[in-house]
Amino acid sequence: MTANTSDSVCFDVTFLTDEQISQNFLYKPAEEIIFKFVLPAIILTGFLGNMFFLFVVCSLPRTRTVTNIYLCNLSIADILFLFFGAGEKFLRVFLSPVSADRFFFQQSGCIIIIFMINFSSIASLLLVTLVTVERYYAISRPVQHRLIAGRSRTVKFIAGAWATSFIISTTIVPSHSVFSTFCFLWPDKEHYDAFPTQIGICNHVAPWLSDYSNGVQTIPFFVALLLNLYMYVAIIRSLYRRVDPHTNSVSASTARMRLVVAWMVIINGIVFFCCNALFNLISAMFMVSSLASDTQTVIYWYNTISPFHVLLLYINSMINPFIYGATNQRLRKAFFLTMRCSVKETSMTEGTDTKLSGTKQLPR
């Protein structure tokens, strides 16, 4: 077999067994199943769910609360993450059997695609924290909340979250901006005839940038985790100390609604941190082990749990709209109302089209 070696470092794997090649370079059976069949279902479900949530909030003015405005932006971040993150893994598994191969990325893909993955991921973390902060001040510190509440202030906070995500993601670009190619010499067997003789990866400008990339994402994650846990506890204590949700008064009804929204935010946040914890824990371990010059243990655990740690990330981006509907009766009613209105509009349009089709065409 021949390979273009002019601009690439070559790896001769002809002396390795099929099992060694499979373990070190190719997709595992579980990865192929998940990336080929599970990811498309997650992408489609997540896209439709998040788009429908955005449609509901845009269609019904009474659903445009401050909390839902934050959640709408979280839905946008989730859609971006599914499109660029899950989408690129879905494409890669069909384009090359080599798990690390990003040859189709080329230079622009290494910069843009990975930037968008980081951008949407960091934005999600900031938006989840912002919606928790909003609920924390509304319930635990109502006086301060009145001073800082308002649509214009909310828009500024959201713009700040997106801007911060953009800045942080830009600083991470040098850790994946170099497109490097490597040639492979495969064993002379029919099984390897269709394998690529050249693969591409997205590399760093300098080795320390990998540690920076891991640190700038994982450290804020664990800080946000602790901050959110503190606020969740404070919100629950304030709610249950202030009202009895079983009374029938108007104030109790309002309090019950606050309780529902608070639990929606808390459950959404807990699911977010649980789904993201494993990936960030592995990233933190890579950073620490790299500084200690011993990455073998982390690589072993990474290979053991792959691809389930990334699958959890995409499940989180898919599941959020279903959490909103399951925990918030008002939003659930809004979902069904929007669906009924859409069906009714479609029926009326079809009826009008049928009537018009029976009329004579007017002269031009």
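Readers should treat all values here as calculations from the given coordinates under stated rules, not as data from a laboratory. Just so you know, these numbers come straight off a predicted model, no measurement behind them. Cβ placement follows ideal geometry from the backbone for every residue including glycine, while neighbour counts extend to all protein chains displayed.
If you stretched the chain out fully between I112 and F308, how much longer would it get, using 0.36 nm times the residue separation minus the C-alpha to C-alpha distance?
On the way: separation 196, 0.36 × 196 = 70.56 nm, distance 2.47 nm.
Computed gain between I112 and F308 is 68.1 nm.
Please compute the net charge surrounding S120, taking Lys and Arg as +1 and Asp and Glu as -1 over other residues with Cβ under 13 Å from its Cβ. Don't skip to the answer; put the middle values down first.
On the way: positive: none; negative: D78, E88.
Every neighbour counted, the sum reads -2.
Under 5 Å between amide H atoms, partner at least 5 residues away or on a different chain: which partners does F179 have, H built in plane at 1.01 Å?
Distant-sequence amide H within range of F179: N203.
Quick one: compute the contact order of the chain, relative version, from alpha carbon pairs under 8 angstrom and 6+ residues apart, as a percent. Mind dumping the intermediate values first?
Working: 387 pairs, mean separation 87.1, N = 364.
Answer for the chain is 24 percent.
Mind checking which helices in the chain clear 20 Å along their axis (Cα) and have mean Kyte-Doolittle hydropathy of 1.0 or more, DSSP H runs only?
Values: long enough: 39-59 (29 Å, 2.03); 66-81 (23 Å, 1.43); 106-140 (50 Å, 1.31); 151-172 (32 Å, 0.63); 208-242 (51 Å, 0.61); 250-291 (59 Å, 1.56); 308-327 (26 Å, 1.10); 329-357 (42 Å, -0.56).
Qualifying helices, which must be both long enough and hydrophobic enough, are 39-59, 66-81, 106-140, 250-291, 308-327.
What fraction of the DSSP beta bridges in segment 9-334 is antiparallel, stated in percent and rounded to the nearest 5?
Details: 7 of 11 bridges.
Antiparallel: roughly 65 percent of the beta bridges in segment 9-334.
Give me the net charge for the shell around L71: Cβ to Cβ below 12 angstrom, other residues only, Lys and Arg +1, Asp and Glu -1. Could you put the intermediate results ahead of the total?
Details: positive: R64, R135; negative: D78, E134.
Result for the neighbourhood of L71: 0.
Please list, in chain and number order, the residues 5+ apart from F184 or on another chain whose amide H is under 5 Å from its amide H, with Hs placed from the backbone.
For F184, whose amide H was placed from the backbone, the distant partners under 5 Å are F11, Q198, I199.
Amide H to amide H, which residues 5 or more places from S99 or on other chains are under 5 Å from it, using H placed in the peptide plane?
L26, Y27
Rounded, prolate or oblate: pick one for the chain, where a ≥ b ≥ c are the square roots of the eigenvalues of its C-alpha gyration tensor, a/c under 1.5 means rounded, and failing that, prolate if a/b is larger than b/c, else oblate. Intermediate values should be presented prior to the final figure.
On the way: a/c = 2.45, a/b = 1.46, b/c = 1.68.
It is oblate, given that a/c is not under 1.5 and a/b is not larger than b/c.
Efficiency by 1/(1 + (r/R0)^6): what FRET value for W301 and N203, r their Cβ-Cβ distance, R0 = 22 Å, to the nearest 0.05? Can you show the working numbers first?
Working: r = 23 Å, r/R0 = 1.04.
According to the calculation, E is roughly 0.45.
Which value at 222 nm does the chain reach when only helices count, each DSSP H run of 4 or more adding -39,500 (n - 2.57), with the total divided by all residues and rounded to the nearest 500 deg cm²/dmol?
Details: 13 runs with 259 residues, N = 364.
That comes out to -24500 deg cm²/dmol.
Give me the number: length gained by fully extending T181 to I236, i.e. 0.36 nm times residue separation minus the C-alpha to C-alpha distance, one decimal in nm. Walk me through the numbers before you get to the answer.
Working: separation 55, 0.36 × 55 = 19.80 nm, distance 5.34 nm.
Gain in length upon complete extension: 14.5 nm.
Would you work out which of Q106, L185, L259 lies farthest towards the positive end of the dipole of segment 9-334, given +1 charges on the beta-carbon of Lys and Arg and -1 on that of Asp and Glu, about the Cα centre?
L259
Let's see if you can work this out: charge +1 on each Lys and Arg Cβ, -1 on each Asp and Glu Cβ, no other charges. What is the dipole magnitude of segment 9-334 about its Cα centre, in debye to the nearest 20?
Charge dipole of segment 9-334: 2580 debye, to the nearest 20.
Which whole-number percentage describes the relative contact order of segment 1-85, with Cα contacts under 8 Å and a sequence gap of 6 or more?
Contact order relative to length: 26 percent.
Report the calculated FRET efficiency for L291 and C58 (r = Cβ-Cβ distance, R0 = 51 Å), to the nearest 0.05.
About 0.60, to the nearest 0.05.
Taking a ≥ b ≥ c as the square roots of the eigenvalues of the Cα gyration tensor of segment 84-175, is the shape rounded (a/c under 1.5), prolate (a/b larger than b/c) or oblate?
Details: a/c = 4.43, a/b = 2.84, b/c = 1.56.
Since a/c reaches 1.5 and a/b is larger than b/c, the shape of segment 84-175 is classed as prolate.
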